[in-house]
């Protein structure tokens, strides 16, 4: 938690982010975004990712990997994300 006001902390975060970005070359930026997106999409369930890809208009990608029958998320059931487990 910031010790000063939130606006000072926000200003520090934003200005330091600008400095870090200025220091990165194109390859570093691409790698950073790539790794961030891998993490973001990996946190989705398979069905969430399939739905997202389809909503973005890339249904052909889903079809090329799964064929005409991608897995379906049965209504009302919870899908575990990678790394999750059920503890009773």
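Only a single item in (1) touching a helix residue (DSSP H, G or I) at 6+ places or on another chain (Cβ under 9 Å); (2) modelled with pLDDT of 95 or more; (3) surrounded by 12 or more Cβ atoms within 10 Å (Cβ to Cβ) is not met by residue 81, and it is number (2). For region 22-33, indicate whether the set of residues that are under 20 Å from the mean Cα position of the chain (by Cα), closer than 25 Å to residue 83 by Cα and loosely packed, with under 11 Cβ neighbours inside 10 Å is non-empty. Within region 22-33 (the criterion being under 20 Å from the mean Cα position of the chain (by Cα), closer than 25 Å to residue 83 by Cα and loosely packed, with under 11 Cβ neighbours inside 10 Å), the answer is yes, since at least one residue qualifies. What do you reckon, is residue 36 more than 22 Å from the chain's Cα centre (by Cα) and modelled with pLDDT of 95 or more? No, not satisfied.
The values are calculated or read from the model by the stated rules, or taken from the named source; none is laboratory data. Keep in mind that what you see is a predicted model, and the values were worked out from it rather than measured. Positions of Cβ are generated from backbone atoms using ideal geometry, with glycine treated the same way; all protein chains shown enter the neighbour counts.
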